[in-house]
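Q: Sharing a structure below in structure tokens format, with a few things to ask.
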Amino acid sequence: MSKSLLIKLGLLVLAFILIPALLMGFDKGYYYQIATIAAIFMLLAASLHLVTGVAGLLHLGHAALYGVGAYVAAILGANHGIGFTLGLPLAGLSAAAIAFLVALPTMRLMSIYFAVATLGIGQMLYLVFLNWVGLTNGPNGVMLFSGINLFGLEIDSDLGIYYVVAGVVAVSILVLNRLSHSYYGNALRSLREDDQCASAMGINVTVMKIQAFVISAFFAGIAGALWAYTTGYISPNDFHFSQSILILTMVVVGGLGSLPGVLIGALLLILLPEALRSVGDIRNIIVGVLMFSAILFLPKGLFGEVSALNFARRVLGQGWAAQKGEKGIGWK
Amino acid sequence: MKLTRRTALLLAAATALTPVAAFAQDSVKLGYQLPLTGNTAQYGQDFKDAAEIALTKFNASGALPVPVEIIYEDSRSDAKEGVTIARKFVDDKEIVGVLGDFTSTVSMAAAQVYKKAGMVQLSQTASHPDFAKISKWQFRNITTQDQEGAVNAQWMMDKGIKKVAVIAEQTDWGQSVAKGFVEPFEAAGGEVVYTEFFNRGLADFRSIITKLEDQAPDAVYTGFFYEDGAQFLKQMAQLDAAIPVYSTSAAYNDQLIELAGDAAEGLLLTATFLPTRMDANVQEFVTEWDKTHDHAPGQFPAQAYDAVNIMLAAVVKAYPDLTRDSLRDAVAATTDFPGVTGNTTFDENGEPLKELTKASVVGGMFVEVE
């Protein structure tokens, strides 16, 4: 068995056997909850990673697209009898559709102007959640009583819910992994480094940016649906600007452009505040100090892009490995 | 933590074999989830202080042979954390009941957990119209806006006020303020000439005030907390808008008068708690509170103080057969509980029925009016 296959298998065993075994061992709803939230935020961070890390576009409105997914799933589930099986993809597609609409006019904006535009989009969507009372129930939020029903199978045990969330998140991350570690990902990285040069090489910069933005929104929408179904109640506050910043922090602390890094970043920023619960009111200060030190001493992130790419090439991308008598050519 | 699968399975086996410990009788544990850090920490800290006053008094009274302990967990008013805390409380077999959370968003997200697990949840402030209806496990100790709105509507009718403008914050609570008032007011023959919702923290109310003046109402009914209330009242005074302002118990806070100064004079509101009221319970609470604070307690800490006391009284009633179920039934059976926010009885939905006091700001103080 190749090393690459071993590591992939190892990750799967970790996510689908070891962690569930641990959770069952402790048999505490509290740990299930943390595992579920951590998985959802890993997906959010991984999806933002595609836009901000790989394509280099500073995106400050990710939580709002996450919100679109959550609202679509919750409203469809609560008012229209469309359950999880169909609601989940619809949530992703709706978020992607909205992202596409807002991407059209904004994608030609550069650097900080793009960041401000996404900030505006995030606020606009948040205000829609808050003020369009007829559709979103406004500040009253939406209660979703139906649990997860996957192809007619009612899933209500903690373990079952964990498996559903972990399964959806794992598949999504797999797709994001393929996208960011491939020719496509390389093309996105070239936009980040020098978009004029990339354009001169024949890459359609605007189209690529729109694609990355829309794909990222799709997965944010999926994460939103998972949040709506696992919590049972959503309200605009869950998708406030501060959540966008939280996700962005995960990406930056973990390592811009590094998929394993942002997953570690997401885990850290969800687990650390919980682990520090016992120290009391100063826990947020400790988290802040740790984040600050992480950026100060590891400016490239906990698992920086260069080492992450080396890791990914070595163990995940067989296409990169040099064939006998040939030079390695990169990912296919 | 480094655990192999085998140790994990061993652990699982060990957990399964350990008999579930019956409620240890060395203390009774309650959970309290509230924001102790973050944007709303000032409210959570006040709740904690009020709860500590109630708890210290209770444990000193010897009403139970064992002490009661409250475990506080910081939710930062974030639904993620609120749900996680709820799961944590539910896991702890010794915890028999929970107080909190502060905001409706977090209380309602956590309520889904308590509903599923069967744990009584008594919030001192969750004002969402559907909160108490979530399940039989949810209770609250804050008057509903249906009650406050009806009293205010009647109050205006008595004064011959027929045309009213309604201004409320754009939150679940603000929505219920408007609805709770408009329905009884229109039913009684009144007319609402203008309705506007504003986002919390709005700095400039002048365009709203100008628009409402155009409609020439006899009075304004408002749903705001003291921060927004002070801004609104100051700007009303700056624009010389001489229209009487009615409000709810949420505006009842000494800091409103501090921030708005003379502009607060003449504000009319309904309240359930007045620290100046000459009632033994109220004075005992205010005296204890004043030992550690340099301002009088507002409506919210008073509600928290009562919520804790209601829960403690229910613990006494259910003891020694204290389980989550028996405590829930004891809380539900609360009738005419004498607290600092008036007498409390829960209706079948877990909504508190309270008497409301009419008050006004006169000479920089809230005073009761007839």
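Q: When you scan segment A:139-147, do you find a residue that is part of a strand (DSSP E or B) and within 12 Å of chain B (Cβ to nearest Cβ), even just one?
A: Taking every residue of segment A:139-147 in turn, at least one turns out to be part of a strand (DSSP E or B) and within 12 Å of chain B (Cβ to nearest Cβ).
Q: Restricting attention to segment B:353-367, which residues are at pLDDT below 85 and among the charged types (D, E, K, R)?
A: Those that are at pLDDT below 85 and among the charged types (D, E, K, R): B:Lys354, B:Glu355.
Q: Among the residues of segment B:267-279, count how many are under 16 Å from B:Phe224 (Cβ atoms) and touching a Pro at 6+ places or on another chain (Cβ under 9 Å).
A: Qualifying residue count, segment B:267-279: 2.
Q: If you don't mind, another one. Report, by residue number, each residue of segment B:175-200 that is over 23 Å from A:Asn137 (Cα atoms), part of a strand (DSSP E or B) and either free of Cβ contacts under 8 Å to residues at least 12 places away in the same chain or within 28 Å of the chain's Cα centre (by Cα) (or both).
A: Passing the criteria: none in range.
Q: Something else: Search segment B:305-351 for residues being in contact (Cβ under 8 Å) with a residue 60 or more places away in the chain and of a type in the set (Asp, Glu), and hand back the single one that is surrounded by the fewest Cβ atoms within 10 Å (Cβ to Cβ).
A: B:Asp325
Q: Right, another one. Mind checking which residues of segment B:177-186 are more than 14 Å from chain A (Cβ to nearest Cβ), surrounded by fewer than 24 Cβ atoms within 10 Å (Cβ to Cβ) and closer than 22 Å to B:Asn199 by Cβ?
A: B:Val182 - this is the single residue of segment B:177-186 that is more than 14 Å from chain A (Cβ to nearest Cβ), surrounded by fewer than 24 Cβ atoms within 10 Å (Cβ to Cβ) and closer than 22 Å to B:Asn199 by Cβ.
Q: Is it true that some residue in segment A:30-40 is under 20 Å from A:Tyr126 (Cβ atoms) and either among the aliphatic types (A, V, I, L, M) or within 12 Å of chain B (Cβ to nearest Cβ) (or both)?
A: Yes - at least one qualifying residue is present in segment A:30-40.
Q: Kindly provide the set of residues from segment A:201-245 that are surrounded by 23 or more Cβ atoms within 10 Å (Cβ to Cβ), hydrophobic (A, V, I, L, M, F, W, C) and more than 12 Å from chain B (Cβ to nearest Cβ), ordered by number.
A: A:Ala212, A:Phe213, A:Ala217, A:Phe218, A:Phe219, A:Ala220, A:Ile222, A:Ala223, A:Ala225, A:Leu226
This table checks each residue for (1) away from chain A (no Cβ under 14 Å); (2) surrounded by 15 or more Cβ atoms within 10 Å (Cβ to Cβ).
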| residue | (1), (2) |
| --- | --- |
| B:Gln138 | no, yes |
| B:Gln147 | yes, yes |
| B:Ala168 | no, yes |
| B:Gln175 | no, yes |
| B:Glu191 | yes, no |
| B:Ala203 | yes, no |
| B:Ile209 | yes, yes |
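Q: Related question: If a residue must be in a helix (DSSP H, G or I) and out of contact with any Gly (no Cβ under 6 Å at 6 or more places or on another chain), how many such residues does segment A:69-93 contain?
A: The qualifying residues number 13.
Q: Taking the conditions exactly as written (part of a helix (DSSP H, G or I), surrounded by fewer than 21 Cβ atoms within 10 Å (Cβ to Cβ), of a type outside the set (Val, Ile, Thr) and more than 13 Å from chain B (Cβ to nearest Cβ)), does A:Ala64 satisfy them or not?
A: Judged against the criteria, A:Ala64 is not a match.
Q: Could you list, in sequence order, the residues of segment B:201-224 that are in a helix (DSSP H, G or I), touching a strand residue (DSSP E or B) at 6+ places or on another chain (Cβ under 6 Å) and closer than 15 Å to B:Ala242 by Cβ?
A: Listed by number, the list holds a single entry, B:Leu212.
The values are calculated or read from the model by the stated rules, or taken from the named source; none is laboratory data. Since the model is a prediction, treat every value here as computed from it, not as a measurement. When we count neighbours, we look across all protein chains shown, and the Cβ atoms used for this are built from the backbone with ideal geometry, even at glycine.
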